Amino acid sequence: MDVSFFGVGRVAARCRQVLDDLSIHVVSPAKADLWLSVHWPEKFNVIPKDGILNLHNSWLPWNGGAHPCTWALVDQTPHGATMHWVTEEIDKGPIFLQRPVAIHADDTADSLYKRTADAEVLLFREALDAYLLGSRRRDPQPEGGTYHKKKDFERLVRALSTSDCMVMRG
């Protein structure tokens, strides 16, 4: 199988290694029928013949968009990793596979992110195995969920930078 891979960051590097371990050939986008996306920050303008599978570090439909681990803690929503098909709407495509990640009482966004990263790499491998065996699941996302933009996170950080929050920390 030939794929094109789009990814940035540590999770993407680990997923790229999974492709190598499975002897999956990574080729230019023009030569691939399936594209794989891991934390890719740009929107795709073209979708290849077999589609684009995107790895997202949340339990979609909850916490689509930016900083999903932070929002899982703030909003107290389900959390995990999701491999979904890319559509025109960001993080709204049909679900291929998911893997839950429990939220612990003492979790910080950072500790949850690290555990989620491990779950993402496992899910990436599971998704590739399923795809190679012929699965093309496209489960619709449940109604509801949440979506947060980067500016929502910036607003949260500003709100937590008030003097009354500093008193709570110190």
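The values are calculated or read from the model by the stated rules, or taken from the named source; none is laboratory data. As the structure is a computational prediction, the values presented were derived from the model and not from experiment. Reconstructed Cβ throughout: ideal geometry from the backbone, glycine too, with neighbour counts over all protein chains shown. SASA here: full protein model, heavy atoms, side chains in, ligands and nucleic acids out. Shrake-Rupley method; radii C 1.70, N 1.55, O 1.52, S 1.80 Å.
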If you wrap a convex hull around the C-alpha atoms of the chain and split its volume per residue, what is the figure in Å³? 118
In a Gaussian network model over the chain where Cα atoms closer than 10 Å are linked, find which of Arg138, Arg125, Arg155 has the largest mean-square fluctuation. Arg155
Take the Cα of Val27, step 7 Å along the line toward its Cβ, and report every residue of the range 50-79 whose backbone nitrogen sits under 18 Å from that point. 50-53
Highest-fluctuation residue, Leu156, Leu36, Leu123 considered, GNM on the chain with Cα pairs under 10 Å: Leu156
So which residue, out of Gln141, Gln98, Gln76, gets the largest mean-square fluctuation from a GNM of the chain using Cα contacts under 10 Å as springs? Gln76
What distance in nm separates the two pseudo spin-label positions at Thr108 and Asp20, each 7 Å out from Cα along the beta-carbon direction? 3.1
Using the Cα centre of the chain as the reference point, and only Cβ charges (+1 on K/R, -1 on D/E), how large is the resulting charge dipole? Debye, rounded to the nearest 20. 260
Averaged per residue, what accessible surface does the chain expose to a 1.4 Å probe, in Å²? 56
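When the accessible area of the chain is split by element with a 1.4 Å probe, what percent falls to carbon and sulfur? Numbers along the way, then the final one.
On the way: 5160 of 9570 Å².
Result for the chain: 54 percent of the exposed heavy-atom area is carbon or sulfur.
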